[in-house]
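One structure below.
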Amino acid sequence: MKKLGKYSIGMGDRFGHQGSAQLNTIIEAGKKGIEITPVWNKSNREHNIIGTEPGDVRKEADAATKKAGFDKPYFVDADHINLDTVDRFLDSSDFFTIDVASYIGKKAGDDEIKKFVSGAEKYSGVLNIPGIKKSLSVAKRQIIDIAEKYLFAAIKAGETYRKIEKIKGKDNFATEVSMDEVPVPQTPVELFFILKMLGEEKIPVQTIAPKFSGRFNKGVDYVGDPEKFAEEFESDLMVIDFAVKEFGLPDNLKMSIHSGSDKFAIYPYIGSITKKHNKGFHLKTAGTTWLEEVIGLAESGGKALEFVKEVYTSSLEKVEELCAPYADVIDINISKLPSSKEVAEWNGKKFASSLRNVPGIPDFNPNMRQLIHVAYKMAAVRMDEYFKLLEANEKTVTQCVFENMYNRHVCRLFDIK
Ligand SMILES: [Zn+2]
């Protein structure tokens, strides 16, 4: 099994120009004594919208690491794939995020459910998990409900895993299972039984991405009570620790936090709780790099600023279409979006500070930021023009990408002063 390091960060790069700037954040953290494994991730959905192929991400990751002389492990993540979409990722990826969200709630066969429940019954009553603050109680009926809701998804995850394993070979990739893109969070009790299911499917899962309470909207801060998140996160962590031993899962199994960019309110908790229990984590970010490209182009002024204003104006006309694929992970108040007429008057500085997520800056508009986050399609349809602008303003743009990933993400997560 290709093993992920203790700390890893998933970095998306929609347009494939920022691999080096992203890698520089990892190198900079390394200089501070924090070893992070870089993972370049891109989902099938994003490839389809932009018109790229998984092989492009591999090329980018290989080129960036080679150029920097980076000799530590790195991965290319086939993000949010399932049985229907995994095929075209098999060549170039060595990290697979098996997304079971669309299978959750579909019922497995009666015999399969019966078999699972009879093996899981011994955990009914009080579930004593070492390190957990509140002991969990499990009713037998609850085990049946959980099996009816999740067993089919786990079986599908197993099928997907084995499909990948057959082509790639057992030791040549890392496996994640994700279930974050659903409306309702999983409780620690549910997570416990889901891990049992994954153990029975013999999936060597190294990262698991549950849906947590609160909102994890794309590119903006956590919405919810960070203390409550901390409690849930710690319970999940203890559940994972226990499940690893109980169900024979890989001992480096760790939590993956999706839609992980800009969750400033919870980073200190993720950092301190994992440290307290000597655990790692995987933080998955994606669109925040594209947002920094837009910010960098706005700051560059001239044609670059005109271009990003046009991207914004065209995205205003397509709000619903752009938001639809991301319904569970964005929350835009349309009435708070500036009109294109208003934005036409803005200079680059005003445009950039409206988008840049620096808490406390009065210009910052999280609604506009979320809309631009999902509006990369508007640049994808003018790709040649966009790439020329990125290249002409490379220095400003890469500086924005680096600063965002390093100062606002890595430093907060690892408490680097
Ligand atoms: Zn996700």
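Read the figures in this text as sums done on the coordinates, not as results from a lab. As the structure is a prediction and not an experimental result, all values here were calculated from the model. Don't worry about glycine lacking a Cβ; one is built from the backbone with ideal geometry, like all the others, and counts go over all protein chains shown.
Quick look at the numbers
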item	result
Matching residues, the range 165-193, being within 16 Å of the ligand (Cβ to nearest atom) and either under 12 Å from ILE104 (Cβ atoms) or surrounded by fewer than 21 Cβ atoms within 10 Å (Cβ to Cβ) (or both)	VAL177, SER178, MET179, ASP180, GLU181, VAL182, PRO183, VAL184, PRO185, GLN186
Among residues of the range 197-216, those that are in contact with a helix residue (DSSP H, G or I) (Cβ under 6 Å, 6 or more places away or on another chain), surrounded by 22 or more Cβ atoms within 10 Å (Cβ to Cβ) and not hydrophobic (A, V, I, L, M, F, W, C), counted	1
Top-ranked residue in the range 291-310 [being crowded, with 23+ Cβ neighbours inside 10 Å and hydrophobic (A, V, I, L, M, F, W, C); ranked as nearest to the ligand (Cβ to nearest atom)]	LEU291
Looking only at the range 253-290, and only at residues there that are within 16 Å of the ligand (Cβ to nearest atom) and of a type in the set (Ser, Thr, Tyr), the one that is farthest from PHE193 (Cα to Cα)	THR289
Test: residue in the range 237-252 that is surrounded by 23 or more Cβ atoms within 10 Å (Cβ to Cβ) and within 16 Å of the ligand (Cβ to nearest atom)	no
Selection status of ASP415, exposed (fewer than 15 other Cβ atoms within 10 Å of the Cβ) and part of a loop (DSSP other than H, G, I, E, B)	yes
Residue ranges of helices (runs of 4 or more DSSP H) in the range 43-154 with at least 3 members out of contact with any strand residue (DSSP E or B) (no Cβ under 8 Å at 6 or more places or on another chain) and more than 16 Å from the ligand (Cβ to nearest atom)	54-68, 110-120
Out of ASN357, ASN407, sole residue that is within 25 Å of the chain's Cα centre (by Cα), under 30 Å from LYS275 (Cα atoms), in a loop (DSSP other than H, G, I, E, B) and among the polar types (S, T, N, Q)	ASN357
LYS263, sole failed condition from (1) in contact with a helix residue (DSSP H, G or I) (Cβ under 6 Å, 6 or more places away or on another chain); (2) among the charged types (D, E, K, R); (3) within 26 Å of TYR222 (Cβ to Cβ); (4) surrounded by 19 or more Cβ atoms within 10 Å (Cβ to Cβ)	(1)
